[in-house]
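The values are calculated or read from the model by the stated rules, or taken from the named source; none is laboratory data. Every value quoted in this text rests on a predicted model; they were computed, and no experiment measured them. Every residue, glycine among them, receives a Cβ derived from its backbone with ideal geometry; neighbour counts consider all protein chains shown. Remember, those area values only see protein heavy atoms, side chains included, never the ligands or the DNA or RNA. Shrake-Rupley method; radii C 1.70, N 1.55, O 1.52, S 1.80 Å.
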Amino acid sequence: MNAAPRLGGRVSWALLVALGMSLTAFTWPLFLSPTSAMSPAQAPLVFALVLPLVLAIVLAEMAGGRMEVKQLAMLGVLAAVGTILRPLSAGTAGFELVFFLMILAGRVFGPAFGFALGAITMFTSGLLTSGVGPWLPYQMLAAGFVGLFAGWLPRASGRTEIVLLAGYGVISAFAYGWLMDFSFWPFALSGDTQLSFDPAIGALANLHRFVLFNLATSMGWNAGRALTNAVVILVLGTPLLRLFRRTARRAVFSPAESSLDGILPATPRLG
Amino acid sequence: MAAEGTVPLNSLHPWAWWCWAIGLGFAASGTTNPLLLTLIALAAISVVMLRRTKAPWARSVGMYLALAGFVLVSRLFFQVLIGSGSGPTVLFTLPELPLPDWAAGIRLGGPVSAEALMATVYDALRLAVMLLCVGAANALANPRQALRSVPAALYEASVAVVIALSVAPQLIESVQRVRKARRLRGDTARGVNALGAIALPVLSDAIDRSLSLAAGMDARGFARTNGLPVRGALPVMLGSVMVATCGVFLLLSTSATVAALAIMGLGIAGTTAGLRLAGRRLRVTRYRRHPWGWHESGVAASGVLAGLIVGVVGGLDPVAMMTPTYPLTWPELSPAMLVTIALAILPLAFTARPRPIPLDSSRHDAPQRTVRPRDAELVRP
Amino acid sequence: MIDFDEVTLTYPQAMRPTLDRVSLHVGEGDLCLVVGATGSGKSTVLGAINGLVPHFTGGRLQGSVRVDGRSTAEHRPRNLADVVGYVGQDPLRGFVTDTVEDEIAYGMEQLGIDPVAMRKRVEETLDLMGIADLRRRPLTELSGGQQQRVAIAAVLAAQPKVLVLDEPTSSLDPTAAQDVLAAITTLVHDVGLTVVLAEHRLERVMQAADSVIWVPGDGSVSVGPAASVLAGSTIVPPLSALARVMGWADVPLSVREARRRVQSEGRRPVPPAEPVPAAGEVVLSARRLSVRYGDVHAVRSVDLDLRAGTVATLMGRNGAGKSSLLWALQGALSCEGDLLVAGRDPRGLTATHARRVVTLVPQTAADLLYLPTVAAECAQADLESGAEPGTAATLLAELGSYLPGERDPRDLSEGQRLALVLAIQLTASPPVVLLDEPTRGLDYQTKADLQRIVTRIAATGAAVLISTHDVEFAAGVSDRTILMADGEIVAQGTTRSLLTSSVAYAPQMAKVFAPLPFLTAADVSAGLS
């Protein structure tokens, strides 16, 4: 019974393209050629020029003219919640409190809302903590996908739903961590150490190096993030889902209920 | 938070600072010359110190300095621990510890050479200076004014960000209030349950807030001038952005730099045009839009030019901007580098020192509001 | 200007219509008051004017609502933004931007007004509302009254013909409320705006109203001149109560009018006797209590005694230190000085034990609620207080509000929520009960209920201290009144002697009968018989 609202055609197209572009962007160390004019330190910067455009298209398509004012206000307020949760938890070994909100909101309000919430939370947080930089578009996309896929999870209810979401919380935490780490790995460690990215040795060897490097340095962070997601969703999931669903009902997000004896044409559904 | 809204409009357009910083960052990314890198960093820092306001974001440069330092130290640490770089000048040798096969035959420790260390320092310095450039932009550009000049197509998304920025401080107050109230109920919840006891009232308050905000926005005409999506804008945008990505892909995976750059530029131009087209459905006007004058052009141009010089000189002669580490040589400054540094510091000529703005609150209980009982002041049993 | 024609409105899942075949007319340039208890449908009437009901809230509307010739059936709220300006209860919750100037321009940006014209209108509006000196201030730093004036300015900038205000003063202190209401009456008299205003504290505005819409809550409304509609309504501001006691057919709309009528009739009620000072033992005693935030002295060396079985009210401006004093007395705020409650110092007790000695209901009572149902909250309260299971639920029933256990506390009305929090806090049966601004946003009926509840708590032997801005409530409920200013207690004494001799804090009955010490209509009634 409990499944999120679905997406419309145009937004799906935009998302599909965004998904493809982002995959390329996040996995650039796999195809950087040693003959390229770009050094490993420059490659993510070049993507940082293009990714904001991808984000702009998706967000313009999702929010522009389609989102009801109630959803927009909710988006802003929930992004504010995420924004104050993030510095509260950052730095303490992956105890990140920001993702559970995107997952639960994506589940209740749908994939488009989830994506927008993820991206906008990261953006606002970047603005408030002066964390705007080439990493920001990567963070926005990755967090957006965390919210997006939460909206695409299969139907479930009750305890099953919570376990499903908690499991997704674990998986998405690792996926987020790996994608971010991979795209900035050559930044974190370049030069000629045995775990550095080296365009000359080929994709597989690089992947092997990355896995080792990541296990050694970031495993704790990723596992901490996954654990936080799972615990918070298991404990707070039920009351928060209830709160969101109650709001979704009370806010009459589906305009079918507000009609003036059929005088008004039904407003188009979100996204 | 308090000072943000009080910044007058006579400050420089935020995008101008960003153009300058991105240009400098690009210049830094194209060189490993430690002298040039250090001078670029000094130029950026002095512009920040002389031109920043008292706004909260202006303090971010310290944070970025710390981050840059961390990058340097961690790079050196890894180089010493698992570095494979060998060189004739061995400084010291650490005991070796080979790891099992699945770890790709990596060994910890071993000889540490001056050449490998210097290469790491140069590379880390480059990254640190790029970080500093980003920090400089964060410290100088007013984020709210940057939001005012996003493309029209992104208007709704920017409204969500504006809401988030305005609501966040109010939510912090709400969290403090609820935490205080916990004691009144006996404070029996512990650990994650206590999180719920705080999160639920705060979130439901936040959601109520969003509903009344939405009602207010609706009643004040929000989205009234939104037309239907412009036909054709989406295909143009999606097509162009795919072209741009192809350009980047080619740039990274082949050596056809010029062609790749051209394709990428075409894609970016197409997407921008598409966004403009998509923004036509909106007829929202902007109050006191930030003007772009010759000051702005000057600041932006100095950064972009600096980046271009390094890019072009480096493109013509790949070693011109690099300092070799094998054999170790003393870095030298070429005339092109001197021009780059002059450009980096040029914004000082286009801008004036910001005037301090008197700040006072008209709430007679303002002192209490801002220093409302916080956690530290609560008596802990 | 505003016409309701046979309007019937039913919310989704509602058993019966909130408005049932309502027809009314508000003329151009009128100041029209909407009165009624919380939940009676007052906000529905207001929201229907600009189409927020049903477009925003959902529900089914039959009949037609026309504003300046435009029907809300064909125009969504945003398309009426240039005709109707709508201002909600808490201004801070409706602000989109964060500075005064941006907020005023926001509505015009939405309407697509030319930037040059926009600039001029912003300046004009700033002057009209007298807030030009605040133009670059962050909105969160303004006082409540200033915020509300900015909210009004923000809708006025779109130059609407009708201004709709839903209880604009409910979260303000008396001075700020006066300030806002004065601004509104100026708009009616000098600018010629049509204003529809819902307001709880009628005594402040009824003299300026051209007409009153009374929403009794059964789906009907009655409309007419203030004096006659109020005489027949269940909404009883003090002067209405006086009219009933004196047997007048219509209600005097101002103190001056009431005073003249009393004098011309020559009926002199016997002034009540000075009450015997309460003899209960001292359960709370504070000596040289001080609270400091950094450099700011919120409370300066306060000496205070509370006796068992009495009710005291704490009055004073916003920022006078009332809240800080209450939090300090509960022991939840660090303070200097001596504090003894029932023989113990609450600062040294654990939270669980402290609330069994002295309990506090904070200003935003909802902060204490976090469980999904009323029953769960009650059960948790029993657990926290170590009381018999069912104590809190019984208390809640005794407080006179019956709440089904499965209700979500967040769906309750302001008054019901207050009752629930009171029940939770009283479960620990503490000898001292502190209430911080409990009357905020309550209608007359709920305030009367609260008065009954407080009297009952005192009757069980507890000492009650209430901070309030509501003079009439203080007059009705308390034995003693304490006046604070600038962190110090400037006066304390029996409520009767203190309030009747005060200029700023005199209740309306005291003003009508001055210099005789009448506090409430009940006093007058007793004095007549």
Discussion item. Within the range C:96-131, take every residue that is within 9 Å of chain B (Cβ to nearest Cβ) and in a loop (DSSP other than H, G, I, E, B) and give me the one that is most open to solvent (accessible area, probe 1.4 Å).
Written reply: C:D114
Item to complete: Scan the range C:314-321 and give yes if some residue there is farther than 19 Å from C:Q492 by Cα, crowded, with 18+ Cβ neighbours inside 10 Å and of a type outside the set (V, I, T), otherwise no.
Response: no
Item to complete: Kindly state which helices (runs of 4 or more DSSP H) lie completely within the range C:194-277 and contain at least 2 residues that are under 23 Å from the mean Cα position of the chain (by Cα).
Response: C:226-232, C:238-246
Item to complete: Can you work out which of the residues in the range C:48-86 that are under 24 Å from the mean Cα position of the chain (by Cα) and at pLDDT 90 or above is surrounded by the fewest Cβ atoms within 10 Å (Cβ to Cβ)?
Response: C:I49
Worksheet entry | helices (runs of 4 or more DSSP H) wholly inside the range C:342-410 that include at least 2 residues being acidic (D, E) | C:374-385
Practice prompt. Quick one: in the range C:493-507, of everything that is among the aliphatic types (A, V, I, L, M) and part of a loop (DSSP other than H, G, I, E, B), which residue is most open to solvent (accessible area, probe 1.4 Å)?
Written response: C:V503
Worksheet entry | Number of positions in the range A:192-204 that are more than 16 Å from A:L23 (Cβ to Cβ), touching a residue at least 24 places away in the same chain (Cβ under 8 Å) and part of a helix (DSSP H, G or I) | 2
Worksheet item: Which ones in the range B:206-231 are within 7 Å of another protein chain (Cβ to nearest Cβ), over 20 Å from A:A60 (Cβ atoms) and part of a helix (DSSP H, G or I)?
Response: B:A206, B:I207, B:R209, B:S210, B:L211, B:S212, B:L213, B:A214, B:A215, B:G216, B:D218, B:A219
Practice prompt. Please list, ordered by first then second residue, the pairs with beta carbon atoms under 9 Å, 6 or more apart or interchain, first in the range B:159-185 and away from chain A (no Cβ under 11 Å) and under 21 Å from C:S324 (Cα atoms), second of a type in the set (S, T, N, Q) and open to solvent by 10 Å² or more (accessible area, probe 1.4 Å).
Written response: B:R177/C:Q363; B:R177/C:T364; B:V178/C:T364; B:A181/C:T364; B:R185/C:Q380
Worksheet item: When A:M180 is evaluated against the numbered criteria (1) within 12 Å of the chain's Cα centre (by Cα); (2) open to solvent by less than 20 Å² (accessible area, probe 1.4 Å), which criterion, by number, is the only one it fails?
Response: (2)
Worksheet item: Only one residue in C:V464, C:V490 is more than 18 Å from C:Q416 (Cα to Cα), open to solvent by less than 10 Å² (accessible area, probe 1.4 Å) and hydrophobic (A, V, I, L, M, F, W, C), so which one is that?
Response: C:V464
Worksheet entry | Residues of the range B:118-136 satisfying the condition of being touching a Leu at 6+ places or on another chain (Cβ under 9 Å) and facing chain A (nearest Cβ under 10 Å) | B:T120, B:V121, B:Y122, B:A124, B:R126, B:L127, B:M130, B:L131, B:C133, B:G135
Discussion item. Can you tell me which of (1) over 30 Å from B:C19 (Cβ atoms); (2) open to solvent by 20 Å² or more (accessible area, probe 1.4 Å) is the one B:A206 doesn't meet?
Written reply: (2)
Worksheet item: Under the condition of being assigned to a helix (DSSP H, G or I) and open to solvent by less than 20 Å² (accessible area, probe 1.4 Å), which residue from the range A:123-139 is nearest to the other protein chains (Cβ to nearest Cβ)?
Response: A:T124
Discussion item. Among the listed residues A:L207, A:L189, identify the single one that is within 30 Å of A:M21 (Cα to Cα) and either at the interface with chain B (Cβ under 9 Å from one of its Cβ atoms) or of a type in the set (S, T, N, Q) (or both).
Written reply: A:L189
Discussion item. So in the range A:51-85, with the set limited to residues that are crowded, with 22+ Cβ neighbours inside 10 Å and closer than 30 Å to A:F197 by Cα, which one is farthest from the chain's Cα centre (by Cα)?
Written reply: A:L53
Discussion item. Kindly evaluate C:S467 against the criterion of being free of Cβ contacts under 8 Å to residues at least 24 places away in the same chain and hydroxyl-bearing (S, T, Y).
Written reply: no
Practice prompt. Just one of (1) out of contact with any helix residue (DSSP H, G or I) (no Cβ under 8 Å at 6 or more places or on another chain); (2) hydrophobic (A, V, I, L, M, F, W, C); (3) assigned to a loop (DSSP other than H, G, I, E, B) trips up B:V284, so point out which.
Written response: (1)
Fill in: Filter result for the condition that a residue is in contact with a helix residue (DSSP H, G or I) (Cβ under 6 Å, 6 or more places away or on another chain) and either closer than 19 Å to B:A244 by Cβ or within 10 Å of chain B (Cβ to nearest Cβ) (or both), over A:G64, A:G110
A:G64
Item to complete: Test C:L284 against the stated conditions and say whether it is open to solvent by less than 30 Å² (accessible area, probe 1.4 Å), closer than 12 Å to C:G487 by Cα and touching a strand residue (DSSP E or B) at 6+ places or on another chain (Cβ under 6 Å).
Response: no
Practice prompt. Among what's in the range C:469-487 and is open to solvent by less than 20 Å² (accessible area, probe 1.4 Å), modelled with pLDDT of 90 or more and of a type outside the set (G, A, S), pick the residue that is nearest to C:L399 (Cα to Cα).
Written response: C:V477
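Per-residue answers, yes or no, for (1) open to solvent by 50 Å² or more (accessible area, probe 1.4 Å); (2) within 14 Å of chain C (Cβ to nearest Cβ); (3) under 27 Å from the mean Cα position of the chain (by Cα):
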site: B:A233; (1), (2), (3): no, no, no
site: B:V241; (1), (2), (3): no, no, yes
site: B:A244; (1), (2), (3): no, no, yes
site: B:S255; (1), (2), (3): yes, no, no
Worksheet item: Which one of these is modelled with pLDDT under 85 and open to solvent by less than 30 Å² (accessible area, probe 1.4 Å): C:E406, C:E384?
Response: C:E384
Worksheet entry | Test: B:P143 is of a type outside the set (D, E) and at the interface with another protein chain (Cβ under 9 Å from one of its Cβ atoms) | yes
Response to the item:
Checked C:G337, C:G319 against criteria (in a strand (DSSP E or B) and without any contact (Cβ under 8 Å) to a residue 60 or more places away in the chain); the one match is C:G337
Discussion item. Can you tell me which of (1) under 23 Å from the mean Cα position of the chain (by Cα); (2) not in a strand (DSSP E or B) is the one C:G29 doesn't meet?
Written reply: (1)
Discussion item. Condition first: open to solvent by less than 40 Å² (accessible area, probe 1.4 Å) and β-branched (V, I, T). Can you find one or more residues in the range C:20-27 that meet it?
Written reply: yes
Worksheet item: Just wondering, is there one or more residues in the range B:291-298 that are more than 30 Å from C:K120 (Cα to Cα) and surrounded by fewer than 19 Cβ atoms within 10 Å (Cβ to Cβ)?
Response: yes
Discussion item. Which count do you get for residues in the range B:32-80 that are farther than 21 Å from B:N138 by Cα, out of contact with any Lys or Arg (no Cβ under 7 Å at 6 or more places or on another chain) and part of a loop (DSSP other than H, G, I, E, B)?
Written reply: 1
